[in-house]
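Below is one structure; the comments refer to it alone.
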Amino acid sequence: MKKFASLILMSVFAVLALHAQEKDLTVAGVVTDMDGVPLPGVSIVEVGTVNGTQTDFDGSYSIEVAVGSELRFSYLGMKTETRTVQSSNVLNIKMQEDLNQLSEVIVTALGIEKSKKALGYSAQEIDGDAFSEARETNIASSLAGKVAGVQVSNIATGAGGSSRVVIRGNSSISGNDAPLYVVDGIPIDNQNIDPADYAAGGVDYGDGISGINPDDVESMTVLKGPNAAALYGARAANGVILITTKTGGSKKKGIGVTFNSNLTSETIATMPTYQNRFGIGYDPSFGASGTTIIDGKEYEVLDPNQWQSWGPELNGQIVADWEDPTKTFAMVPQPSDNIRNFFQSGFTATNTVSFSSGDEKANMRLSLSNLGNEGIIPGSTYDRQTINFRGFANVTDRFSIDAKVNYIHHKGVNRPGLAASSSNVMSVLIQMPRHIDLDRLKDYKDENGDPFNFTTAFENPYWTINELQNEDERDRVIGFVSMNYKFNDWLNVRARTGTDFYTDERFSRRAIGSRSARTGRVSNYTWHVKENNSDILFTAEDDLSENWSGSLSVGASRLYSKTEVTGALGQSLRVPELYHITNAEQITPRYDKVEREMQSVYAAGQLAYKNYLFLDLTARNDWSSVLGINNYSFFYPSVSTSFVFTDALKLNSNVFSFGKLRAGYAEVGNDSNPYLTTLGYVSNTQTVNGQGQAAIQTQIPNPNLKNELTRSYEFGTDMRFFKNRVGIDFTYYNSSTKNQILPVNISSGTGFNRMVINAGEIQNEGVELLFNVTPIQLKNSFQWDLTLNYAKNKSKVVSLADGIETHIMSQDRWGTIEARPGEDFGNIVGFYYKRNENGEKLLDEYGRYQRDGNNVKILGNIQPDWIAGITNRFSYKGFTLSTLIDIKMGGELLSGTKYIQAARGTGRFTTKGLRQNEDGVWVGVADGVMENDYYVDDGNGNQVLHLAAGERSDIELDRVNLYGMWTRADIIEEFVLDASYISLREINLGYSFSEKLLAKTPFTSARISLVGRNLLYLQEHMDGIGVTPEAAFSSESGSQGSESYTLPSTRSVGVNLNVAF
Amino acid sequence: MKPYKISKYLLALVAAVSLVYACTDDFQELNTNPALLSEEQLDVGLLLTRVQQEMIINGSNPIGTLANYAGYASSGGNRPFDGGFFSDEFAKGYRNLLNISEIIRLTDGDAEMQGQNAIARVMRVYIFHRLTDLYGDIPYSEAVKASSEVITQPMYDTQESIYGSMLDELKELSSVLSETQQGSFGDSDMMYQSDNEKWMRFANSLRLRIALRVRYVDEALAREHISELVNMDLIESNEENAFVPSSDDFDSNQNPVYNRLISNSGILPEHMGQTIVDLLNDQDDPRLTILVTPTPNSVMVADSVGDSNLLEYRGRPLGLEGLERDAYPTSDLSQIGLYYREPVIEMPVLYYSEVCFALAEAKLMLDLGSLEADVWYERGVRADMERYGIDEAEIASFLSSNSLDVVADEEAKLEMIMNQKNIALFPNELEAWSEWRRTGYPKILIGSMVGETDGQIPRRINYPVSEANVNSVNYQEVSTRIGGDLMTTKVWWDANPNVPYEHPGEILVPEP
């Protein structure tokens, strides 16, 4: 931080010095529309110079110019006005709407800028401010609720974790359903290396996009469908997210300095709920391993292996102390927030300073940023520093250069363990018996360094966070050089090369005595990841005649990527607390290398008629190294058209401002992961009795692998009314992906696990709606904007390969998530209650729930029915208030947390409907009817009918036979929860200081905002178990729709300060 | 427009592109995983070592769930009659069968590798036998095909047909192995160092094990094979015992009991089963103190008085509920003996003592072989005691008071043989459980726990859930055929009409 503070001071002085300038005349005024509504953000430039400014939020401006100079006022959707400065100091302007020149441009594939009206497909742009004020550490996570058709899962893995973004549903079920991230025209690496595994756990070390500093982002554009992405090729089959970073701009005088500071605090929003009444054991005793005499009285000694919480009510029973059996201990429940108190408040501070400068010849921008985070788990921290330099120069009239270097450094310390690993503190905390005072576990080891705990059955959570540690550090450079040469006024060529490479060093250690590594463990892995992209693009653009214009781009590109890991795992440490690989007795080396290459040629052409009818054609051929020997090459075209019928039919009016119809058809090929085409034998790095070992690969390769192909069409319309105050953007799409490349599960009887198939079809159909309205716009500058986006998508598995019944995406003892032909993608399948034809649960001869044999059925689906986002934005003078409500309706989640709490009797739900019977035991009655007649002894040895088959049970069951049956009989149905939610995702209250207030300060602008994210669920249906409905522990598609031992989710609240000099 | 100019630039571009980009020559190399061995690079011995590691070193566990069903163990808070403990056995068996099949495929027809080929074929029978004894009907004829001929949904063969096929295969292999064969695994074969004669004796002894197993369901078949086997070369001494030593080089190669101790802070949550402790205790068996530790309470008492005669040995019945459980506090329970807590022990496959007990039963029940049953019984007991290094005097003393002659009727003699066989099989819990299922001996007492089996010790284990998902037609077909994929369904050879004995409720619950 010190370094940054001094940098800022230096820059302040630099800027103050630059401010000493001389001017003839200060012109000021207000810019409004024809109705007198002030227009903020109108660009005002002194013609022929770089002198310029913008209007304030109330439409006012002031600029120092020489008398006689010309000022040009320009604003989106308005006719540009040019005025000559007279001697008057006041110059008020009324701007006229330009209905014919809706000139918004949008960056599309390959960095080609297009007028929005010419687009034949759906693309949505979000301004950078939307990510930098109320921010997420991972910029991709902040897309939640903001873009129609984009589904974002917030993953509770702490700062620096991965994000999961899916555009228009799952097209490929092989696990690669993430969009392609393209930064300034160059694709970046976004893999999550060594992701957390569903069963084995692990750590989320973050994905590629997590390195991008939100303060550097000018805008993000989401290219949703294959049409939009056709030119990015194979990897764009799941859509593209284009990130445009800030440049120096061309209207600055001297050096502009911007400083942004964002401070937020993270607190627990949801966490599991606990019963606070019952102790360990199975009823009616706590489960003793014996007794002991203390002060002449006999007391039970609790069995250290007994930690299921089905025991008696905790009412102060005196037993031998679990730590020191010479003392007594009163069995009383802990306060309900004792688990919450294990955690702390998190804190994140991000400071960014940027310098920019530029004129029409050249510009540059340099930004430096530092992020420091402390997580909610004590000792877990994440730091990120970025340096970003971007420069542009017109070397000659024809030749220009654009280049960028972005250096990213991040360091994670003790990132939380996830899923079912013992390094996940939740795996212990959700099953903690209720009489255990966590404070007594804080001294987690004894004088010998051995773990101290009340049981041998699981880890002391304080041991976990102190003795199971990890550290990772990544140094990454993303950069590009782009050169553009204009042959003449209609033909230019751009050649570009970009790289993204990093080294990621990962260290982890487990102390001797850890449950998962009793003899201790240390590992070091170094990852080297590199992705290089180079391309060349010729573009010809010209008016063909008075009515016709056109452009044609032809290009070629090459992608090479490599991921390499070296390192070793050491087990069995000779000397305690020496975490060095040479101190390990058992050493397992690791080396892996994965390489791929893709070469492509492509062409894109556009034809425009009278600026209201547009036709776009693209064609691309890829050669991918990962496919079968004779199938490297694949070709795919796209066509789209846009028709601005308001222009064509001259329908424009004050009511109907703009109307456009669009239609598109596209094909996109997709390849796969490398190494799916050949079979081999895996050499085992561990010996046994000194002998080497090897085994055949468990996956059957496919030597003739060919590309997947997505065919998609979409129709849409874009209409605006009441002078653009109401806008509707609607899209319907239908896409089908064939020849899925997919490792599917096959019968273990084959000896193999999986087989790579190259068949099958997935269909996605959906609609997207984006609705903008400005219901109130007052002359006093009060404005209310409402944006609503809505998307509905259905993914269906049409077919898989012959002999393949299902593709199991995840499997655990609490059920599977599958893709089965003829069914919806992502069905949750598992065991269910035995019921009669009326749907009543049939109880067994003891009055207990039963599952219906080994039959499984569809218990839910992980896809939502629809998702939506509602943004309200109010502005008045310098104030803005915006809220974002994020809605997901439908879809289910398979809850491993509920499963474990049901298995152990710790969940609050295991106390529902209990009453005390005459023996003082807490009992309940199962909700169901008897399957068979039920007889009881009448006291005289006769069996008399008590309940006939079909009668409702009144048989008293203790908790273990009531709620414990859910897991003992594996009635998975109980663990499938409705994942619908309405989330208050974001609130942002900001104030921009007016120019008048700033006039006497060195600042040119200043803005302060109070921000909050992930504040609360206005609605959720998680059955009170306290797990976030967005739970997922990894960004891999296999982890979706199921959660296990999810960490508490957090809300963040803070302040953002932005000043410019 | 200037069409001529455009075409010129286009031509230049196409030329440039084709020069730079039309090169896919290195793609094949790029897309070959450098970490994998090809067929040509592979030494098939590496596969055999892996299979022996997984199927033998990691093949038995005297404190695991199956050991409960064998009378060996009583594992803590477990609910042994609930399913779900064996999810990996099926996949593990076939995964190793595939590697064995690869050895067979890669050595077939190679005159210099017939030694390896024959040994691999014996291992193949050994693994299939384990699998069918666990599950009953299993994929056999359509299972573990080479990757190019894979049958993704293999059908389930009946256990009857699998048994027939295994017996025939072993018969053939016996003669193949007794002829000189070229080719050796060397030390990659951790069991017999590729000694073909020992493998031949093992193949014959395994055939004896398999043939005897069908005695109650198809006596003719048992008779047909055993009558040949009594005159063939079987394992004839402890020196020829089939086992693989566990290994201390990596945790995964260690004795599972040692590993459990290490991974659980030196504390074993598992206790000994009542059945085996009582068998050893009641007959003053010298193996008692080797296999079993005294109870902690009795150690405290014995230490305080200095009298080792006060040491007590007490196992726990399985399937206890509530008060029954309280009657067996851990301080009054025995655990597995120190002999089996070392990192390196013999992981059992087939011992000479088992051959002796099999021949004793064959003589007693089928009148096959020349020597009398009591001779084989004594040899069996002696062999097992010698395995533990027990001296001759103790052996002789034990045998004199536990002779087969003390009981008169055939069934009582069989029970004595089977009880001794149960002890001698330790720690081979799968074989002990199978023999219990076949004969009903030793009698295993259980508490009032109901579980999924209505209070009965399981007769088989469930197929993995994945089979219902990915091989559903065959799964449904086999489930119907065997009478339901239940733990209580009996496998084909489990046909002794007297079994199970009435067990539930027989245990005495001492007053707490």
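Restricting attention to segment B:379-397 and to residues that are among the acidic types (Asp, Glu) and in a helix (DSSP H, G or I), the residue that is nearest to the chain's Cα centre (by Cα) turns out to be B:ASP384. The residue that is most open to solvent (accessible area, probe 1.4 Å), among those in segment B:226-235 that are in contact with a Lys or Arg (Cβ under 7 Å, 6 or more places away or on another chain) and assigned to a loop (DSSP other than H, G, I, E, B), is B:ASP233.
Hand me the list of strands (runs of 3 or more DSSP E) wholly inside segment A:10-65 holding 2 or more residues that are among the hydrophobic types (A, V, I, L, M, F, W, C), open to solvent by less than 60 Å² (accessible area, probe 1.4 Å) and at pLDDT 80 or above. Spell out the reasoning first.
Details: elements: A:25-33, A:43-46, A:52-54, A:60-65.
The qualifying strands (runs of 3 or more DSSP E) are A:25-33, A:60-65.
Suppose the filter is away from chain B (no Cβ under 14 Å), of a type in the set (S, T, N, Q) and surrounded by fewer than 19 Cβ atoms within 10 Å (Cβ to Cβ); does A:THR582 pass it? Yes, satisfied. Evaluate the following for A:ASN532: is it assigned by TED's automatic domain parsing to the domain that holds A:GLY206, surrounded by fewer than 18 Cβ atoms within 10 Å (Cβ to Cβ) and polar (S, T, N, Q)? It is true that A:ASN532 is assigned by TED's automatic domain parsing to the domain that holds A:GLY206, surrounded by fewer than 18 Cβ atoms within 10 Å (Cβ to Cβ) and polar (S, T, N, Q). Restricting attention to segment B:279-296, does a residue exist that is open to solvent by 20 Å² or more (accessible area, probe 1.4 Å), at the interface with chain A (Cβ under 10 Å from one of its Cβ atoms), at pLDDT 90 or above and touching a helix residue (DSSP H, G or I) at 6+ places or on another chain (Cβ under 7 Å)? Looking for residues that are open to solvent by 20 Å² or more (accessible area, probe 1.4 Å), at the interface with chain A (Cβ under 10 Å from one of its Cβ atoms), at pLDDT 90 or above and touching a helix residue (DSSP H, G or I) at 6+ places or on another chain (Cβ under 7 Å), one finds at least one in segment B:279-296, hence yes. Here A:ASN470 meets the list (1) open to solvent by less than 10 Å² (accessible area, probe 1.4 Å); (2) in a strand (DSSP E or B) almost entirely, failing just condition (1).
Take the conditions open to solvent by less than 10 Å² (accessible area, probe 1.4 Å) and more than 12 Å from every other protein chain (Cβ to nearest Cβ) and apply them to A:THR646. Does it pass? Considered against the rule, which asks whether it is open to solvent by less than 10 Å² (accessible area, probe 1.4 Å) and more than 12 Å from every other protein chain (Cβ to nearest Cβ), A:THR646 comes out as yes.
In segment B:390-414, the residues that are more than 14 Å from B:GLN283 (Cβ to Cβ) form Cβ pairs under 7 Å with partners that are surrounded by 10 or more Cβ atoms within 10 Å (Cβ to Cβ) and among the hydroxyl-bearing types (Ser, Thr, Tyr), at six or more places apart or across chains, as follows: B:LEU414/B:THR439.
Entry remark, segment A:275-287: residues being touching a Pro at 6+ places or on another chain (Cβ under 9 Å) and either of a type in the set (Lys, Arg) or open to solvent by less than 30 Å² (accessible area, probe 1.4 Å) (or both) number 8 in total. Within segment A:995-1010, is even one residue in contact with a His (Cβ under 7 Å, 6 or more places away or on another chain), touching a residue at least 60 places away in the same chain (Cβ under 8 Å) and either open to solvent by less than 20 Å² (accessible area, probe 1.4 Å) or farther than 30 Å from A:GLN191 by Cα (or both)? The answer is yes, given that some residue of segment A:995-1010 is in contact with a His (Cβ under 7 Å, 6 or more places away or on another chain), touching a residue at least 60 places away in the same chain (Cβ under 8 Å) and either open to solvent by less than 20 Å² (accessible area, probe 1.4 Å) or farther than 30 Å from A:GLN191 by Cα (or both). Can you name the residue in segment A:543-560 that is in a strand (DSSP E or B) and open to solvent by 70 Å² or more (accessible area, probe 1.4 Å) and, of all such residues, is nearest to the other protein chains (Cβ to nearest Cβ)? Result: A:ARG558.
Can you find, within segment A:288-303, the residue that is farthest from A:GLY1026 (Cα to Cα) among those that are open to solvent by 50 Å² or more (accessible area, probe 1.4 Å) and in contact with a Phe, Trp or Tyr (Cβ under 7 Å, 6 or more places away or on another chain)?
Residue satisfying both the conditions and the ranking: A:THR291.
Return yes or no: is B:SER331 assigned to a helix (DSSP H, G or I), within 13 Å of another protein chain (Cβ to nearest Cβ), open to solvent by less than 20 Å² (accessible area, probe 1.4 Å) and not aromatic (Phe, Trp, Tyr)?
No, not satisfied.
Within segment A:364-376, not a single residue is open to solvent by less than 20 Å² (accessible area, probe 1.4 Å) and under 30 Å from B:GLY319 (Cβ atoms). Restricting B:ARG223, B:ARG209 to residues that are touching a strand residue (DSSP E or B) at 6+ places or on another chain (Cβ under 7 Å) and surrounded by fewer than 23 Cβ atoms within 10 Å (Cβ to Cβ) narrows the list to B:ARG209. For B:TYR258, the conditions (1) in a loop (DSSP other than H, G, I, E, B); (2) at negative phi are fulfilled apart from (1). Could you please let me know if A:ILE478 is at pLDDT 90 or above, touching an Asp or Glu at 6+ places or on another chain (Cβ under 8 Å) and surrounded by 24 or more Cβ atoms within 10 Å (Cβ to Cβ)? Taking the combined requirement at face value, the residue satisfies it.
Residues that are open to solvent by 30 Å² or more (accessible area, probe 1.4 Å), within 14 Å of chain A (Cβ to nearest Cβ) and not acidic (Asp, Glu) were ranked within segment B:334-356; the one that is farthest from B:GLU239 (Cα to Cα) is B:GLN335.
If the condition is being modelled with pLDDT of 80 or more and within 24 Å of A:ILE536 (Cβ to Cβ), then segment A:108-130 contributes no residue at all.
Close contacts from segment A:671-692, counting a first residue that is within 17 Å of A:ILE629 (Cα to Cα) and more than 7 Å from chain B (Cβ to nearest Cβ) and a second that is assigned to a strand (DSSP E or B) and open to solvent by 50 Å² or more (accessible area, probe 1.4 Å), with Cβ to Cβ under 8 Å and a gap of 6+ residues or different chains, come to A:ASN673/A:VAL594.
Selection of segment A:794-850 for residues being more than 9 Å from chain B (Cβ to nearest Cβ), among the polar types (S, T, N, Q) and open to solvent by less than 50 Å² (accessible area, probe 1.4 Å) yields A:SER795, A:SER799, A:SER810, A:ASN827, A:ASN836, A:GLN850. So, in segment B:466-480, of the ones that are over 17 Å from B:LEU131 (Cβ atoms) and in contact (Cβ under 8 Å) with a residue 60 or more places away in the chain, which residue ends up farthest from the other protein chains (Cβ to nearest Cβ)? It comes out as B:GLU477. Since A:ALA948 meets every condition but one in (1) open to solvent by 60 Å² or more (accessible area, probe 1.4 Å); (2) in contact with a strand residue (DSSP E or B) (Cβ under 9 Å, 6 or more places away or on another chain); (3) over 30 Å from B:VAL465 (Cβ atoms), which condition does it not meet? Every condition holds for A:ALA948 apart from (1).
To keep it simple, each residue is scored yes or no on (1) farther than 30 Å from A:GLU313 by Cα; (2) in a loop (DSSP other than H, G, I, E, B); (3) touching a Gly at 6+ places or on another chain (Cβ under 8 Å).
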position: A:GLN431; (1), (2), (3): no, yes, no
position: A:ILE436; (1), (2), (3): no, yes, no
position: A:PHE454; (1), (2), (3): no, yes, no
position: A:PHE458; (1), (2), (3): no, yes, no
position: A:TYR462; (1), (2), (3): no, no, no
position: A:MET483; (1), (2), (3): yes, no, no
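Residues in segment A:481-495 that are more than 14 Å from chain B (Cβ to nearest Cβ) and either open to solvent by 20 Å² or more (accessible area, probe 1.4 Å) or modelled with pLDDT of 95 or more (or both): 3 in all.
The values are calculated or read from the model by the stated rules, or taken from the named source; none is laboratory data. Fair warning: this is a prediction, and the values are worked out from it, not measured in the lab. Reconstructed Cβ throughout: ideal geometry from the backbone, glycine too, with neighbour counts over all protein chains shown. When the accessible area is computed, the model is the full protein with side chains, heavy atoms only, and any ligands, DNA or RNA have been set aside. Shrake-Rupley method; radii C 1.70, N 1.55, O 1.52, S 1.80 Å.
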